[in-house]
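Enquirer: Sharing a structure here in structure tokens format.
Each reported figure results from applying straightforward, stated rules to the coordinates on display, with no laboratory input. On a predicted model such as this, the values are computed, not experimentally measured, just so you know. Positions of Cβ are backbone-derived with ideal geometry, glycine not excepted, and every protein chain shown enters the neighbour counts.
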Amino acid sequence: MIQSSAFAQKIIGWYWEHKRPLPWRETTDPYKIWLSEIILQQTRVAQGLPYYERFVKTYPTVKALAAAPQQNVLRLWQGLGYYSRARNLHACAKQIVETYNGVFPNNFNDLQKLPGVGPYTAAAIASIAFKESVAVVDGNVYRVLARVFGIEIDTASTEGKKYFFEKANQLVPAKDPDLFNQAMMEFGALHCLPQNPKCDDCIFSNTCVARKHELQNVLPIKSKKIKIKKRYFYYFDFRFKNSRLMKHRTAKDIWQGLYDFYLIEKNRPTNSAGLRQEEMAIVAPYLPAKLPAPFKHVLSHQQLFIHIIPVHIHSEKEFLHAAKQLNLQVISKKGLERIPKPIIIEKYFNSTA
Ligand code: SF4
């Protein structure tokens, strides 16, 4: 089995040769590193990069981000999904300004106390910005370690998480923790891929346990099955001239803080007659005989089937009455541009513009 120091040396050597030139790799500013880490969680680099650039340009410092209205932050985040990340991003910026006078804590333990900053992000900031010798452990790191060292412990279990964290921390070198962590993540992202890892041309080809025993498709082991919930959304897009009726989503649910339409939600599919029977008299007259086909929107733990029913209203009085009855906000065409919306609604607007 490969020794810790040889492992670190090899992977850092590989990183120098193969790393992608990315803007957050050119800095030791904890604000920018934190921003990139939050944006890149559950997001591919190609998708996250323009968001990172927009955030840095709009909010060049943590103080600027903290001072922004939450709505503007959500609007800039729009399209990235997992909006709790954006809300936490904003809350975290505020806390850094209020508690730490705008200066990031400089160690793993204190960083972990910030909103939305778990062990992974804290380790990334601590090692890259402050050279603390602490390992970052993400999906890429699980995969590389499980394969190279033949670790058959379930990465989703508490025991597995602890084991992999300790293993990674044994490997991280005191001198270059920043390079080591970035190298591990980059090697997992570009070389030791989930499917078809590049084993024939690999720095670990002589020592990798998975390669030796042909376990690449077995490791890492992740047993926990995610239960997918299906939700059926029936939206009513009330329009009068260029104005729309929108709802601010305040409940603790997906898309909290964003705006959508008046919504009837079901836990099973239904049709126009079904909705007419079950729902309030106020929306019944607006139901067409046949509902528009649904858009399918897949989130990590949920599948949404979204019908959007356009409702053209021709009198202002009726429009304002509907707004009052259904507790909706009248939003002008300009206002629609500014408010943060789920990407599915943005796409719908673009398709009907
Ligand atoms: S030999 Fe294959 S499985 Fe092993 S580290 Fe290299 S790419 Fe990954």
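Enquirer: Given only helices, namely DSSP H runs of n ≥ 4 each adding -39500 (n - 2.57), what is the per-residue ellipticity at 222 nm of the chain, to the nearest 500 deg cm²/dmol?
Expert: After summing the helix terms and dividing by residue count, I get -14000 deg cm²/dmol.
Enquirer: What residues from the range 242-273 fall in the zone where the backbone N is under 16 Å from a label point 7 Å along the Cα-to-C-beta line of Phe305?
Expert: Label zone hits: 264-273.
Enquirer: Nearest 10 degrees, 0 to 90: what angle lies between the long axis of helix 83-100 and the longest principal axis of the chain (Cα atoms)?
Expert: 70
Enquirer: Now for a separate question. Just to be sure I understand the model, the point goes 7 Å from the Cα along the line to the Cβ. What's the resulting Lys212 to Thr58 distance in nm?
Expert: Here the answer is 5.1 nm between the modelled labels.
Enquirer: Please list, by residue number, every one of the GluC sites (Glu not before Pro) in the range 229-301 that is coil in DSSP and has at most 16 other beta-carbon atoms within 10 Å.
Expert: Sparse-neighbourhood loop GluC sites (Glu not before Pro): Glu279.
Enquirer: Further question: By the scheme Lys and Arg +1, Asp and Glu -1, what is the net charge of all other residues having a beta-carbon under 13 Å from that of Phe238?
Expert: With Lys, Arg at +1 and Asp, Glu at -1, the net is +1.
Enquirer: Identify the chymotrypsin sites (Phe, Trp or Tyr not before Pro) of the range 72-181 meeting these criteria: DSSP loop state and at most 16 other C-beta atoms within 10 Å of the C-beta.
Expert: Tyr82
Enquirer: Calculate the length of the line joining the C-alpha centroid of the range 194-233 to that of the range 259-279, in whole Å.
Expert: 41
Enquirer: In degrees, nearest 10, range 0 to 90: what is the angle between the Cα axis of helix 119-130 and the longest Cα principal axis of the chain?
Expert: Result, in degrees: 60.
Enquirer: Val311's amide H: which non-local residues (gap 5+, or another chain) put their own amide H closer than 5 Å, with H modeled 1.01 Å from N in plane and none for Pro or chain starts?
Expert: HN-HN under 5 Å from Val311: Asp237, Phe238, Arg239.
Enquirer: A further question on this structure: Determine, from the Cβ-Cβ distance of Asn242 and Lys266 and an R0 of 25 Å, the FRET efficiency 1/(1 + (r/R0)^6), rounded to the nearest 0.05.
Expert: 0.25
Enquirer: In a GNM of the chain with a 10 Å cut-off on Cα contacts, which of Thr99, Thr158, Thr61 has the highest mean-square fluctuation?
Expert: In the Gaussian network model the winner is Thr158.
Enquirer: Let me make sure I get this right: for the range 229-352, a, b and c are the square roots of the gyration tensor eigenvalues over alpha carbons, sorted descending. Under 1.5 in a/c it's rounded, otherwise prolate if a/b > b/c, else oblate. Which is it?
Expert: Oblate.
Enquirer: Let me ask something else. Viscosity 0.890 mPa s, temperature 25 °C: give me the Stokes-Einstein translational D for the range 4-212 in µm²/s, with Rh taken as the Kirkwood radius over C-alpha pairs.
Expert: 138
Enquirer: A further question follows. Provide Rg and Dmax in Å for the chain, with only Cα atoms included in the calculation.
Expert: That works out to 24.4, 77 Å for Rg and Dmax.
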